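One structure is given below, encoded as structure tokens.
The numbers here are math on the coordinates, done by the rules we state, and not lab data. In this text the structure is predicted, and so the values were computed from the model without any measurement. Here Cβ is always computed from backbone atoms with ideal geometry, including for glycine, and neighbour counts include all displayed protein chains.
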2 protein chains.
Amino acid sequence: MTRAVLSRGSARERVLEAAIGLFAEFGVDGTSLQMIANRLGVKKASVYYQFHSKEDIIDAVIRPVIEDIARLVTIAEAIPSVEARRDVTVSGMVELAVRNRRLSAVFCGDRAVEAHLRSDSAFVENADKMDALMNGPNPDLTTRVATSFLASGLFWTAADPKYSEVPDTELRRALLDTAQGFLRHFP
Amino acid sequence: MTRAVLSRGSARERVLEAAIGLFAEFGVDGTSLQMIANRLGVKKASVYYQFHSKEDIIDAVIRPVIEDIARLVTIAEAIPSVEARRDVTVSGMVELAVRNRRLSAVFCGDRAVEAHLRSDSAFVENADKMDALMNGPNPDLTTRVATSFLASGLFWTAADPKYSEVPDTELRRALLDTAQGFLRHFP
């Protein structure tokens, strides 16, 4: 029987993997727990046993990314010089963007996910801290705009399907060169 | 009666304006012709008289932007030097990004709109040409990544609600400084 599918990896991971695949294909709003169950060839109750709602699934997928961002912020905030902080923040952002690029492609611009993120205080706080690390003290408009430009440039380029066939190491190298070039002209 | 609302601006423009407002609030998928009619205080038939589907509305909203891009491409392609082409392309992109920032905030990341754009050959062709203008001849991965970084950095920053209160002229100045700084380190 198809229920055997759940035996590869933990049941929880299999559900998350199937959910991300369906989100990519049909959007978060267009995906139901029933569709996840169908894709795994299990009963809806088996999915429900792991996650009670799509919100729970989104949360489980996003949680490790938020924890990664929090770790990066802690590391960067410990560095005294503004320039060295920016260097560390940028290489950390490139790493995050490339490692989570499939997820960004699925989630960025999705209204359901964005609402979820905006309501997550840990995410909002760490995103603000990452901005502050790039901005430095008393940023003017051009500095704030440069920070936004860098962050959207990195995350959207990493998520661009145009580069989906490029291996992580190569994409990371190209993004790092690009971002470090940009930093040399940071306001 | 509320039908009087349709008298400000042309009926067509009023419908587009109401549609964009609803798209921003409920997403394209979450907006119906009936909702547009309700917002304008008119019968659905009055909306239907202007546009037969949401596809028609999306098309009417996007068409002028595609024409702007086509004009920019024509101007830039006429310039012989690669560097000067990039300069013109960048200032043109900044102008486009700021002028259409409300629209980008509504449409970017929306699956329905993205599918619409991918199926529009004029859009795809001009987007490719704009990439080629930035890339120059025989671009390597780093150059292509830098082009993507620039484009997503510009359009997403312009669309960021964080800057919605900043006047167009100021935002344009800040984005132009940022993009021109980046160009100085273009691969």
In B, who owns the beta-carbon nearest the axis carrying B over to A, and how many Å from it? B:Gly109, 1
Distances in nm, one decimal, shortest first, from B:Ala84 to the same residue in every other copy, taking the label point 7 angstrom along Cα→Cβ. 4.6
Using alpha-carbon coordinates, inclination of helix A:141-159 to the longest axis of chain A, degrees: 40
Which distances, in nm and shortest first, link the B:His185 label point to the same label point in every other copy, taking 7 Å along Cα→Cβ? 1.0
Quick one: B:Ser91, A:Ser10, fewest Cβ neighbours within 10 Å first, how do they rank? A:Ser10, B:Ser91
Between the Cα axis of helix B:168-184 and the main Cα principal axis of chain B, the angle (0 to 90°, nearest 10) is 30
Principal axis box of the range A:1-142, alpha-carbon based, largest edge first, Å: 60, 27, 22
Which net charge results when you count Lys and Arg as +1 and Asp and Glu as -1 among the other residues whose beta-carbon is under 11 Å from that of B:Arg172? -1
What 222 nm value per residue comes from the helices of chain A, counting each DSSP H run with n ≥ 4 as -39,500 (n - 2.57) and dividing by all residues, nearest 500 deg cm²/dmol? -23500 deg cm²/dmol
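If I take every Cα pair under 8 Å that is 6 or more residues apart in chain A, average their sequence separation and divide by the length, what percent do I get for the relative contact order?
In percent, rounded to a whole number, it is 22.
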Using a label point 7 Å beyond Cα on the Cα-Cβ vector, give me the inter-copy distances for B:Asp128 in nanometres, one decimal, shortest first. 4.6
How long, wide and thick is the range B:61-184, going by the Cα atoms along their three principal axes, in whole angstroms, largest first? 36, 34, 26
For chain A, modelled as a Gaussian network with Cα springs under 10 Å, which listed residue fluctuates most, A:Asp59, A:Asp87, A:Asp177? A:Asp177
Measure nothing but the geometry: give the 0 to 90° angle between the long axis through the Cα atoms of B:121-135 and the longest principal axis through the Cα atoms of chain B, rounded to 10°. 30
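Can you tell me, using C-alpha contacts under 8 Å and at least 6 residues apart, the relative contact order of the range A:22-66 as a whole percent?
On the way: 21 pairs, mean separation 11.1, N = 45.
Answer for the range A:22-66 is 25 percent.
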What net charge do the residues around A:Lys162 carry, taking every other residue with its C-beta under 12 Å from that of A:Lys162, with Lys and Arg at +1 and Asp and Glu at -1? -2
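For the protein assembly as shown, count the residues as N, evaluate 2.2 N^0.38 Å, and divide the Cα radius of gyration by that value, please. List each step's numbers first, then the result.
Details: Rg = 22.3 Å, N = 374, 2.2 N^0.38 = 20.9 Å.
Rounded to two decimals, the normalised Rg is 1.07.
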For chain B, built as a Gaussian network whose Cα springs stay under 10 Å, the top-fluctuating residue of B:Ala174, B:Ala70, B:Ala19: B:Ala174
